[in-house]
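This report concerns only the one structure given below.
The values are calculated or read from the model by the stated rules, or taken from the named source; none is laboratory data. Everything numeric here is computed off the predicted structure, so don't read it as measured data. Glycine also receives a Cβ, built like all others from the backbone with ideal geometry; neighbour counts cover every protein chain displayed. With ligands, DNA and RNA removed, areas are computed over all heavy atoms of the protein, side chains included. Shrake-Rupley method; radii C 1.70, N 1.55, O 1.52, S 1.80 Å.
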Amino acid sequence: MKKSGGAADKKRVRRSSGAVPNGTRDPNSDTPPRRQAAKKDVFQLFAEKVRDHKGLVSRWAILQETRVEYFRGKDFVGFLKNHPEIKDILESNKNLEVEEIVDTLLSKNLLVRCDRVVKTVRPGKKKLSTWPAHLEIFPDQVFSENDSFFAWTFVKQRPLWQTLLSLSWPVLTLAICLFPVYPHGCKLLILYSCAGLLLLIFSLLSLRATVFGALYIILGKRVWLFPNILAEEATLGELFRLWPNKDEEERPKWTTRLFYALLAVLVILLLRHHAPDEAARARYQKRMSNIIDDVLEWSPSLALSGMMEKQPTVVNATEPNDFTDSGQTDSGKVPPAGDEGGETILEQHEDEEIKNTEDAADQHQHQDHI
């Protein structure tokens, strides 16, 4: 009887596990307790939605030796004013003010307020950088709209295309390693595609440098076409943006511009003086053409056939010498090393006898002449 009573008590405990302490279930909860526990926080969903939204301008920086994505406080205020529908994710908290929302995100460790490391204006500039590259944690973790930066602390969920791209890297590496065994037409296609891409990159960089140097020397303006083309972190639209932002630095002095102009002329004259002549260019072009032809014309069948031709004839050393000597012919076989050496000594001896005979004949003719 005691055992049955204990089992009944355990069943009551299991049935009442989903109830609140007073023994009644929450009337506002329609889902089981386990589903409620697994439900994601609305502020977490809000933070992920805001971070993925393209309307909020953000940049990347170094925070305590870690790369983080951050935004400015005033940009966040403008973002929520332009996109008020995104606050519907907060459900019952959608009527909160911007300051209260950010403070909640800070308390939940979804955000951290940061400050710029360099707080003084660098020489030659009028004001501080709009987007600093190095940040540090701000002591007071509260929202502020004026000159404040906020970095995301959670790991952003990777999209599907990035996962597929990471899986394709081993395949690409294997394809590069197998380039020598590709067909000749495929090799030509890859060669001309890579050469065209390199030519485009160097032409673009040369154009940027030429335009910057000309405008810097003539007008004193710092204009970089495609300003984000060498940036480490930039979106596709920012990467191919043609015109740069407004120059915030001071205009250079005329002496500085004159110095760089003379330096550019000197460099051009030196390059022209030391430029290779037509014969040197032809030799270099021929050497490079031979290297490229060797790579393009190489194939496994030719390599294997060349290796077979270069292999020497193997003679079995365990066979008797009589069998080897009897099987050799004067026209088709090479004489043994000992015979070759003997013929060489005999020829040397005959040459010495002929030389002595000629010397004796010369002496005899000389005596007859006297």
Problem - Above-threshold pairs, the threshold being 32 Å between Cα atoms, out of LYS125/LYS156; LYS87/LYS126; LYS40/LYS246; LYS54/LYS126; LYS54/LYS125; LYS74/LYS246 - result: LYS125/LYS156; LYS87/LYS126; LYS40/LYS246
Problem - Coarse-grained scattering of the range 90-186 at q = 0.16, 0.20 Å⁻¹, given as base-10 log I(q)/I(0) from a Debye sum over alpha-carbon atoms - result: -0.85, -1.04
Problem - Largest-first ordering by accessible area, 1.4 Å probe, given options TRP298, TRP161 - result: TRP161, TRP298
Practice task
Express in Å², to the nearest 10, the accessible area of ARG241 obtained by rolling a 1.4 Å probe over the protein heavy atoms while all chains stay in place.
Solution key: 80 Å²
Exercise for the section: Enter the accessible area of LEU296 (Å², nearest 10), with the probe set to 1.4 Å and all protein chains included. Expected result: 20 Å²
Handout entry: Sequence of LYS253, LYS246, LYS87, LYS119 from largest to smallest accessible area, 1.4 Å probe
Key = LYS246, LYS253, LYS119, LYS87
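When only DSSP loop residues count, what GluC sites (Glu not before Pro) in the range 69-159 have their Cβ near at most 11 other Cβ atoms within 10 Å? Could you put the intermediate results ahead of the total?
Numbers: sites: GLU69, GLU85, GLU91, GLU97, GLU99, GLU100, GLU136, GLU145; in loops: GLU97, GLU145.
When the GluC sites (Glu not before Pro) of the range 69-159 are filtered for loop state and at most 11 Cβ neighbours within 10 Å, GLU97 remain.
What dipole magnitude, in Debye to the nearest 20, does the range 49-180 give about its Cα centre under +1 on Lys/Arg Cβ and -1 on Asp/Glu Cβ?
Numbers: 20 positive and 16 negative charges, 132 e Å.
For the range 49-180, the charge dipole is close to 640 debye.
Tell me, in nm to one decimal, what length is gained between HIS273 and ALA195 on full extension, where the rule is 0.36 nm per residue of separation less the Cα-Cα distance? Present the calculation step by step, with values, prior to reporting the outcome.
Working: separation 78, 0.36 × 78 = 28.08 nm, distance 2.79 nm.
Here the answer is 25.3 nm.
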